[in-house]
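The values are calculated or read from the model by the stated rules, or taken from the named source; none is laboratory data. Quick caveat: nothing in here was measured; it's all calculated off a predicted structure. No Cβ is skipped: glycine too gets one built from the backbone with ideal geometry, and neighbour counts run over all protein chains shown. Please note that ligands, DNA and RNA were not included when accessible areas were found on the heavy atoms of the full protein model with its side chains. Shrake-Rupley method; radii C 1.70, N 1.55, O 1.52, S 1.80 Å.
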Amino acid sequence: MDIWNSWWVLQIMQLLGFFSFWVSFAKFRTLFSRAFGYGHKVVKGDCSAWIFVSSNGLVTVGSFLFFLLVISWVYLFAFPTPPTVIKSYETSNGSVSPVQSHDIPNSSQLSVQGHDIPNSSHPFAQSYDEILKSNVSMDTCNVFEGSWVRDDSYPLYDASQCPFAERGFNCLANGRKDRGYTKWRWKPKNCEIPKFDARRILEQLRGKRVVFVGDSLSRTQWESMICLLMTGVENKKSVYEIKGNKITKQIRFLGVRFSTFDVRVDFYRSVFLVKPGSVPRHAPQRVKTTLRLDKIDDISNEWIDSDFLIFNSGHWWTRTKLFDMGWYFQVGNSLKLGMSINSAFKTALLSWASWVENAIDTNRTRVFFRTFESSHWSGQNHNSCKVTQKPWKRTNGKERSPISDMISKVVKNMSTPVTVLHVTPMTAYRSDGHVGTWSDKPSVPDCSHWCLPGVPDMWNEILLSYLLPKEEAN
């Protein structure tokens with residue numbers, strides 16, 4: 001046992017401290033009371049008086065300093081500095097995963113503050129800085145903080161060879177000549193997104209069901225996911241829509257099965273996530289329908305039986321798609337004619353959060369919510385669409401969104417774990433990635449939706465990195 005941690009030593013040091021304080025206090029008192037009495041003797045040259053005063057001063061100062069030393073020691077003993085906890089790595093099973101230093105087994109550990117360090121022959125016997133720099137996990141890195149870098153290995157698929165890529169999003173097939181927008185990869189600041197491997201992902205998803213719920217931007221991500229995964233399938237005919245449906249903008253359900261791997265990837269159209277309702281009696285004539293903010297969408301029961309559940313909403317929460325079309329808000333039996341769109345969206349999110357907390361078994365299902373995707377409309381009325389050939393070098397104020405902020409805030413206060421896919425900042429740069437006039441309706445410019453292949457593929461690469469086992473994602 002360390003002698004300095006002994007309780008008896010502490011008691012003795014405290015007694016010495018009090019004694020030295022008493023001596024110093026007494027000496028100070030007598031020293032000052034006699035100092036002036038001896039002063040005139042010193043002036044007259046009385047050496048004995050000078051020596052007496054000097055010796056008393058030394059004893060007094062020494063006792064006081066010793067008292068301060070003891071007090072400092074007692075303080076450090078009573079309030080010790082907590083040991084620094086750093087990230088370390090164990091390799092007992094060949095994988096690399098972040099664990100805290102005090103949890104590492106003695107047989108293969110690398111830590112600090114009293115823990116054993118393996119000998120120099122151990123493959124991880126290197127400096128802590130080297131380990132932390134070379135092994136940054138998804139848990140320690142914000143993958144949404146980074147930049148777009150050009151990568152000529154992209155795109156990862158040909159939309160014309162993917163039967164589930166909507167013609168309206170296949171910009172190259174619709175006449176776009178520049179291909180540069182397909183060559184950009186998102187690079188997080190402090191880590192790497194795992195290189196996409198369709199075959200490995202399909203094996204990991206074997207027997208699983210992935211469900212996307214939201215608006216047309218969710219459908220775009222769904223289409224992107226299927227096209228990405230199909231690159232790992234040899235027999236393309238083994239991938240099919242389970243009801244034989246064709247992709248349309250208004251269809252409420254689409255489900256694709258990868259039969260070789262028993263994987264389902266489904267999409268449910270629910271642009272508001274909450275339930276549309278009938279018009280209450282005695283409602284003003286301008287009210288054509290209501291949005292029941294306190295009721296989750298009727299088809300929500302079909303979302304429950306899933307392994308990965310990805311939501312989005314936001315693009316329909318605008319005046320033109322609500323009030324101008326006669327849509328107003330209702331809570332309970334009360335029609336909320338004066339409620340703002342932002343307040344209504346927050347109320348709907350709270351209803352969604354309550355549904356997740358009560359209906360979803362998070363032991364099986366992992367829940368995600370993708371934030372608002374930046375659009376790049378310009379002009380005084382935001383009705384001008386100018387698609388660039390390269391990404392913007394700056395976000396130009398589009399890295400923030402009230403919709404995204406509300407999503408993050410509501411999720412933060414939930415008791416159920418939900419992962420926010422905060423794509424708003426990364427999409428802010430991509431003024432080059434929109435459909436523009438290269439859609440199935442070239443006369444209607446589009447600076448909201450994205451070309452495929454393109455930006456939504458990167459959302460899916462990030463999403464799939466969360467689905468990988470932790471040791472693979474690191």
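Here are the numbers:
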{"item": "Members of the stretch 383-408 that are in contact with a strand residue (DSSP E or B) (Cβ under 9 Å, 6 or more places away or on another chain) and more than 25 Å from Gly180 (Cβ to Cβ)", "result": "Asn383, Ser404, Ile407, Ser408"}
{"item": "Members of the stretch 252-264 that are among the aromatic types (Phe, Trp, Tyr) and open to solvent by less than 20 Å² (accessible area, probe 1.4 Å)", "result": "Phe258, Phe261"}
{"item": "Selected residue (criterion: surrounded by the most Cβ atoms within 10 Å (Cβ to Cβ)) from residues of the stretch 327-337 that are part of a strand (DSSP E or B) and of a type outside the set (S, T, N, Q)", "result": "Phe329"}
{"item": "Yes/no for Phe267 being of a type outside the set (Lys, Arg), in contact with a Leu (Cβ under 9 Å, 6 or more places away or on another chain) and either under 30 Å from Arg209 (Cα atoms) or open to solvent by 60 Å² or more (accessible area, probe 1.4 Å) (or both)", "result": "yes"}
{"item": "Boolean, Thr388 is of a type in the set (S, T, N, Q), at negative phi, in contact (Cβ under 8 Å) with a residue 12 or more places away in the chain and not in a helix (DSSP H, G or I)", "result": "yes"}
{"item": "Those residues of the stretch 278-315 which are buried (at least 19 other Cβ atoms within 10 Å of the Cβ) and more than 30 Å from Tyr466 (Cβ to Cβ), in sequence order", "result": "Thr290, Leu291, Arg292"}
{"item": "Matching residues in the stretch 373-398 - criterion: being within 27 Å of the chain's Cα centre (by Cα) and open to solvent by less than 40 Å² (accessible area, probe 1.4 Å)", "result": "Glu373, Ser374, Ser375, His376, Pro391, Thr395"}
{"item": "Enumeration of residues in the stretch 352-366 that are assigned to a loop (DSSP other than H, G, I, E, B) and open to solvent by less than 70 Å² (accessible area, probe 1.4 Å)", "result": "Ile360, Thr362, Thr365"}
{"item": "Options Lys208, Lys249, Lys275: the member that is at pLDDT below 95, within 32 Å of the chain's Cα centre (by Cα) and open to solvent by 40 Å² or more (accessible area, probe 1.4 Å)", "result": "Lys249"}
{"item": "Counted residues, the stretch 167-181 - those being open to solvent by less than 70 Å² (accessible area, probe 1.4 Å) and either under 23 Å from Ile247 (Cα atoms) or modelled with pLDDT under 95 (or both)", "result": "9"}
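Condition check ((1) touching a Lys or Arg at 6+ places or on another chain (Cβ under 8 Å); (2) more than 30 Å from Arg206 (Cβ to Cβ); (3) in a loop (DSSP other than H, G, I, E, B)) across all residues:
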{"position": "Ser300", "(1), (2), (3)": "no, no, no"}
{"position": "Ile304", "(1), (2), (3)": "no, no, yes"}
{"position": "Lys321", "(1), (2), (3)": "no, yes, yes"}
{"position": "Met339", "(1), (2), (3)": "no, yes, yes"}
{"position": "Leu350", "(1), (2), (3)": "no, yes, no"}
{"position": "Phe368", "(1), (2), (3)": "no, no, no"}
{"position": "Gln380", "(1), (2), (3)": "no, yes, yes"}
{"position": "Thr395", "(1), (2), (3)": "no, yes, yes"}
{"position": "Lys398", "(1), (2), (3)": "no, yes, yes"}
